[in-house]
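Some notes on the structure that comes next.
Laboratory data are not the source of any read-out in this text; all were calculated from the coordinates shown. Keep in mind that this is a model prediction, so the values were computed, not measured. Glycine gets a Cβ as well: all are built from the backbone with ideal geometry, and neighbour counts include every protein chain shown.
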Amino acid sequence: MTQVAIVYHSGYGHTAKVAEFVQQGVDAVEGVQSHLISVNDVNDATWDVLAKADAIIFGSPTYMGGASADFKKFADASSKVWFSQGWKNKVAGGFTNSLSMSGDKLSTLQYFVTYAMQHGMIWVGSATPGAQKPGDVAELNRVGSWVGVMTQSDNAPADVTPPASDLETAKIYGSRVAEFAKKLSA
Ligand SMILES: Cc1cc2nc3c(=O)[nH]c(=O)nc-3n(C[C@H](O)[C@H](O)[C@H](O)COP(=O)(O)O)c2cc1C
């Protein structure tokens, strides 16, 4: 069975919610097993899950124009894996959530791409068409991101934001990454 891990950080629950929808998308692909891992729960067992994964999807809120310190701590810890190129040729993807529509989320996704390339991974972007009326909260990919998934949450609890359209965009992306992982691991 193809294995897809989603490893994320979330300080206040919004990115965690997006991660859950990415997982739903992964789970929608037959023959694929998902693993949802918070960077705050990483231990020997989760490093082992990551070692065996066919794909790893990275998620972080955008804090101060980049990935959060907690995510970066995880990334730096993965340098042990880098020494043996343990993630080489795994499929990679990423998502980020923040308060502003832009909020410099692209910096976070571009960091994920660089991070994945350092590990010799194969990056999969989002293929969801951009919103035709970006002001319409119901449209998929309303933030307009193709490098990976960008979602936007208001300054409100995670049970009401980000909106359903962003969560669906994340779910579609989870399926897309899982499909690639499945093809490559066949
Ligand atoms: C330390 C910190 C820095 C932030 N920096 C940004 C930023 O650069 N751009 C932005 O749009 N929002 C920024 N925000 C808002 C968060 O991205 C937003 O609250 C997001 O929902 C947090 O996700 P989380 O609930 O998964 O932690 C920042 C929030 C914090 C706490």
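Please label the shape of the range 6-65 as rounded, prolate or oblate, based on the square roots a ≥ b ≥ c of the eigenvalues of the alpha-carbon gyration tensor (a/c under 1.5 means rounded; beyond that, a/b larger than b/c means prolate, else oblate). Cα axes put the range 6-65 in the oblate bin.
To the nearest ten degrees, helix 105-118 and the longest principal axis of the Cα atoms of the chain are 10 degrees apart. Taking the centroid of alpha carbons for each part, the range 103-181 and the range 46-64 are 15 Å apart. For V91, the shell of other residues with beta-carbons less than 15 Å away shows a net charge of +4, using +1 for Lys and Arg and -1 for Asp and Glu. Within the shell defined by Cβ-Cβ distances under 14 Å, the residues around A55 carry a net charge of +3, with Lys and Arg each +1 and Asp and Glu each -1. Taking every DSSP beta bridge that has both ends in the chain, the antiparallel portion is near 5%. Candidates T108, S34, G94 compared by Cα position along the dipole of the range 1-109: farthest toward the positive end lies T108, with charges placed on Cβ.
Can you find, among Q118, Y63, G144, the residue sitting farthest towards the positive end of the charge dipole of the range 2-185, where Lys and Arg contribute +1 and Asp and Glu -1 at Cβ? In the range 2-185, that residue is Q118.
Taken one residue at a time, the phi angles of the range 2-9 give Karplus couplings (6.51, -1.76, 1.60, θ = phi - 60°) of 5, 10, 10, 9, 10, 10, 9, 10 Hz. Gly and Pro are set to x.
S153 sits among other residues whose Cβ lies under 12 Å from its own Cβ, and their net charge, with Lys and Arg +1 and Asp and Glu -1, is -1. The relative contact order of the chain comes to 28 percent, based on Cα pairs under 8 Å that sit 6 or more residues apart.
Relative to the Cα centre, the charge distribution of the range 7-87, modelled as +1 at Lys and Arg Cβ and -1 at Asp and Glu Cβ, gives a dipole magnitude of about 280 debye.
Aspartates and glutamates within cross-link reach of K88: Cα-Cα under 19 Å, excluding same-chain residues under 8 positions apart? Within the straight-line limit of under 19 Å, K88 reaches these aspartates and glutamates: D48, D54, D76, E179. For the residues M121, M64, M150, a GNM of the chain with alpha-carbon springs under 10 Å puts the largest fluctuation on M64. Build a GNM of the chain with springs between Cα atoms under 10 Å apart, and of D44, D104, D166 the one that fluctuates most is D44. Projected label points at D44 and N89, each 7 Å from Cα along the beta carbon direction, are separated by 2.8 nanometres.
Given +1 at the Cβ of Lys and Arg, -1 at the Cβ of Asp and Glu and no other charges, the dipole of the range 2-185 around its Cα centre is 520 debye to the nearest 20.
Note on the chain: GNM, Cα springs under 10 Å; of V26, V91, V137, the largest mean-square fluctuation is that of V137. With everything on Cα atoms, drop me the angle between helix 14-27 and the longest principal axis of the chain, reported from 0 to 90° to the nearest 10. So the inclination is approximately 60 degrees.
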